[in-house]
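Scroll down for the structure; my scribbles are underneath it.
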Amino acid sequence: MTNIQHTLKKSVKAFGIGLHSGKKISLKINPSPANTGICFVRSDLSPEQVIPARTEYVVDTRFATTIGTERGSVSTIEHLMAALSGAGVNNALIEVDGPEVPAMDGSAAPFLTLLQKAGLKSQDKSIRYIKILEPIMVTMGDKLLSIEPCKNYIVSFEIEFEHPLIAKQRFVDKITPQTFACQISKARTFGFLSEVELLRENGFALGGSLENAVVVGDTSIHNSGGLRFSDEFVRHKVLDLIGDLYLLGAPILGKVKAVKSGHALHHVLTQELLNRPYAWDYVENDRTWEIPSWVGHKDDVISAAIPA
């Protein structure tokens, strides 16, 4: 049990296809000093562009979360951000040689596996938690997202689709490294076969396939092996939410309730929190965060390639 900051013991690499761009992307996650947070670097640009993984740098929330500056951006960061949050990584420098984080298998599990293989390194600074002091709620049509005081990090998420294979699903649990690893990290992004052509015509899902997304047909799941969880759809929405909220730059102590929410509303809530400094506060040593005893590999750099 610990409440001090952590980074990686070693660098790790990943290779894959961008879900929306369709481009081959390589990514390297590096250790970073205490109090530096999570930052992305577009290594393919000259000069290299550093983009802090903070809500202030969000530039697009259509079908994914994109952060950027005037000179460059990185999209589809939410699955990696969720893995970093779930693993208890407070500081990391992420190099990416393209405009998007590779999709891997459409979940956070491959990223979490890499982080586990690298192992965590304790740092000499305390973690600052974001402790919610007053409830905040934001809405967008029939979508709702709220956060209220709580001594733990709890997420409640409800979705409802007019499709017999999804219908209404609900997930509620305290978010811990164990909960994230076992109940959330493996849930994959999903899309409807009927919408694929329209998405691609608009420049999205160009790299989407049965290898990196759950494809929902009119009457069946097209992926071999079907679903990983009977309610995999809502679990993936929880995964996205965890990744998007980690753009606040610190772990949360609060209860989050989401109804039909998505990236756009997640960003609205983080902005609303920043605009209401009286509704939350930074606290140190307020609680302990359970870190698994991962053992790092002996290699200086660990690589994992997911076939396109």
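Hey, could you check segment 134-161 for residues that are in contact with a strand residue (DSSP E or B) (Cβ under 7 Å, 6 or more places away or on another chain) and in a loop (DSSP other than H, G, I, E, B) and say which is nearest to Ser85 (Cα to Cα)? Walk me through it before giving the result.
Going residue by residue through segment 134-161, those that are in contact with a strand residue (DSSP E or B) (Cβ under 7 Å, 6 or more places away or on another chain) are 135-138, 143-160.
Of the ones still in play, those that are also in a loop (DSSP other than H, G, I, E, B) are 135, 149-152.
Values: Pro135: 22, Pro149: 19, Cys150: 18, Lys151: 17, Asn152: 14 Å.
Looking at the filtered set, the residue picked out is Asn152.
Could we say that Lys237 is basic (Lys, Arg), assigned to a loop (DSSP other than H, G, I, E, B) and buried (at least 17 other Cβ atoms within 10 Å of the Cβ) here? No. Ala14 satisfies every condition listed in (1) modelled with pLDDT of 95 or more; (2) assigned to a strand (DSSP E or B) except (1).
Count of segment 217-234 residues, restricted to those that are more than 18 Å from Glu160 (Cβ to Cβ) and open to solvent by less than 30 Å² (accessible area, probe 1.4 Å), is 3.
Residues considered: Phe192, Phe161, Phe157, Phe171. Of these, the only one that is touching a His at 6+ places or on another chain (Cβ under 8 Å) and surrounded by 14 or more Cβ atoms within 10 Å (Cβ to Cβ) is Phe192. Can you pull out the residues in segment 210-254 that are in contact (Cβ under 8 Å) with a residue 12 or more places away in the chain and of a type in the set (Ser, Thr, Tyr)? Thr219, Ser220, Ser224, Tyr246, listed by residue number.
Identification of strands (runs of 3 or more DSSP E) wholly contained in segment 53-133 with 1 or more residues that are closer than 19 Å to Asp244 by Cβ and small (Gly, Ala, Ser) yields 66-69, 72-74, 92-96. Of the residues making up segment 4-42, those that are open to solvent by 40 Å² or more (accessible area, probe 1.4 Å) and not basic (Lys, Arg) are Ile4, Phe15, Pro31, Pro33, Asn35, Thr36. Exactly one residue out of Lys117, Lys125 is open to solvent by 20 Å² or more (accessible area, probe 1.4 Å), within 18 Å of Phe15 (Cα to Cα), among the charged types (D, E, K, R) and more than 14 Å from the chain's Cα centre (by Cα): that is Lys117.
The values are calculated or read from the model by the stated rules, or taken from the named source; none is laboratory data. Remember, predicted model here, so these are calculated numbers, not experimental data. For neighbour counting, all protein chains shown are included, and Cβ atoms are generated from backbone atoms with ideal geometry for every residue, glycine included. Note: accessible area is taken over every heavy atom of the protein model, side chains too, but ligands, DNA and RNA are not part of it. Shrake-Rupley method; radii C 1.70, N 1.55, O 1.52, S 1.80 Å.
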